[in-house]
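I have a structure here, written as structure tokens, and I will follow up with some questions on it.
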Amino acid sequence: MPVRTRHCAAVAAALLAVGMAALPAVAAPDTPSAATAPRASQATTLTVTGEGTASAAPDLAIVTAGVEVTRATAEEALAAQSEAANALLAAAREEGVADKDVRTESLFLSAVHANADQPGEAPKVTGYQAAQTFSVKVRDLKRTGAVIQAMTDAAGDAARIHSIVFDVADLGALRSEARAAAHDDAHRKAVQYAELSGRKLGRLVSLEETGAGRRRPVAMSMESFGDAAGKVPVAPGEIDDSVSVTAVYELR
């Protein structure tokens, strides 16, 4: 009898194993992984450029003036050049030009040669030429003509007036106005594009100055004034400064 009991238990265990194998597998509930998790949406941005220009009347004249002499020897040329240059600078000071507004631009001494009499001969030195050039800032435009006249009178035949340019003394203020205009231009464009897109303009993400440049009046040679060199007028037109910016805004 014990043998039959063990046999029945073995059969029951086998049948249970077969029934469990026949049951369908139950899937584990899905859980989002790092690969399938939804990503945070990126903000939509709008990129625009802005241009700004500022203008101002010139309040400063820069005269390029100097002296030039030719003498038989280098020593004589340098002495004559120094005498003429001192006279020119003294005249500028008497007209109210400050020492800080005068700067030496060039100084040179060179031999003057004549063509050789015979082929193959070296050129002959006939003398020496000495010259010096200064930039002179005249901060009162109404005095520009008087300063030029005084310098040429003082230096006599050695005087040279090369050119005149006009500028503004405070370049920083002009640049600041151009930057403000460029920023406002970029913002206006951004507002318009946001409205056209049916969106609202969000925060400013970045702002970059991409370009800046000054357009100045062309330097005028003294020949352009003819006989009116002693009555130089104020330069026509204005001094311009321009700035370009690139701005990135969020759209909501």
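The values are calculated or read from the model by the stated rules, or taken from the named source; none is laboratory data. These numbers come from a predicted model, not from an experiment. Every residue, glycine as well, gets a Cβ built from its backbone with ideal geometry; the counts of neighbours run over all protein chains shown. Accessible surface areas use protein heavy atoms only, side chains included; no ligands, DNA or RNA. Shrake-Rupley method; radii C 1.70, N 1.55, O 1.52, S 1.80 Å.
If I filter the range 81-88 for residues that are among the polar types (S, T, N, Q), farther than 21 Å from Phe166 by Cβ, modelled with pLDDT of 95 or more and open to solvent by 70 Å² or more (accessible area, probe 1.4 Å), do I get at least one hit?
yes
Name the pairs whose Cβ atoms lie under 6 Å apart, with the first residue in the range 135-163 and touching a residue at least 40 places away in the same chain (Cβ under 8 Å) and among the polar types (S, T, N, Q), the second surrounded by fewer than 16 Cβ atoms within 10 Å (Cβ to Cβ) and outside any strand (DSSP E or B), and 6 or more positions between them or separate chains?
Final answer for the pair search is Gln149/Gly230; Ser163/Ala219; Ser163/Ser221.
If a residue must be out of contact with any helix residue (DSSP H, G or I) (no Cβ under 7 Å at 6 or more places or on another chain), among the polar types (S, T, N, Q) and not in a helix (DSSP H, G or I), how many such residues does the range 50-102 contain?
3
Within the range 125-153, how many residues are surrounded by fewer than 20 Cβ atoms within 10 Å (Cβ to Cβ) and either within 22 Å of Ala80 (Cα to Cα) or hydrophobic (A, V, I, L, M, F, W, C) (or both)?
The qualifying residues number 10.
Right, another one. Could you give every pair whose Cβ atoms fall below 7 Å, whose first residue belongs to the range 114-130 and is in a loop (DSSP other than H, G, I, E, B), and whose second residue is among the hydrophobic types (A, V, I, L, M, F, W, C) and loosely packed, with under 10 Cβ neighbours inside 10 Å, counting only separations of at least 6 or pairs across chains?
The qualifying pairs are Ala116/Ala122.
For every residue, the table says whether it meets (1) within 25 Å of Glu75 (Cβ to Cβ); (2) in contact with a Ser or Thr (Cβ under 7 Å, 6 or more places away or on another chain).
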position	(1), (2)
Leu89	yes, no
Asp101	no, no
Val138	no, yes
Thr152	no, no
